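The structure appears right after this line, and notes come after that.
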């Protein structure tokens, strides 16, 4: 069974997830911790639950989902992992911060781990994620899906009642709709954990989200 803890962080109210199982091994997904309170909340949860962070995963390369990468690298020695089509975004995080957030990002950024593709599976603890490539929000947006537990981390591709924006560089409404159709084939009971906002399910989205159909 997976334990899923989320921290709403930074100025864009981004969801950072810590996912663990009975082995106490955990992965950190979309680490946008930026303010001191964000970083303290992340570290406290990991320490209090005696967790062992083993992977730092990013559903895509936008800066609000990766503001905490340097903190996690300095604290736990983990390098960020992102789909190969978004590697350039992570390599230019300070430029993104200036362009999208109008703020400097002065701390040195960690080196990237080998890039992810759909051919990979992410093994950790007693569980694994498959990678579903979902371009549209960015070229390298992807979903981390655990079929065994019926859980999907969708980043900024699928939200409760909506989908991610497509007006930033690398965005495409055509590709977004293809990706959403792909996700709509997941079981209705699949729990969806998005990059912003509340949890939902594929079934709920099929019934209420105007972008989803089968």
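The figures follow:
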item: Förster-model FRET efficiency, 35 Å R0, residue 37 and residue 98, C-beta, rounded to 0.05; result: 0.90
item: Largest-first ellipsoid semi-axes for the stretch 171-214, taking √(5λ) over the Cα gyration tensor eigenvalues, angstrom; result: 17, 13, 9
item: Radius ratio Rg over Rh of the stretch 11-63, counting only Cα atoms, Kirkwood formula for Rh; result: 0.97
item: Computed over the stretch 3-208, the ratio Rg/Rh where both radii use C-alpha atoms and Rh is Kirkwood; result: 0.93
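Readers should treat all values here as calculations from the given coordinates under stated rules, not as data from a laboratory. What you are looking at is a predicted structure, and each value in this text was computed from that prediction instead of being measured. With ideal geometry, Cβ positions are generated from the backbone for all residues, glycine too; neighbour counts draw on all protein chains shown.
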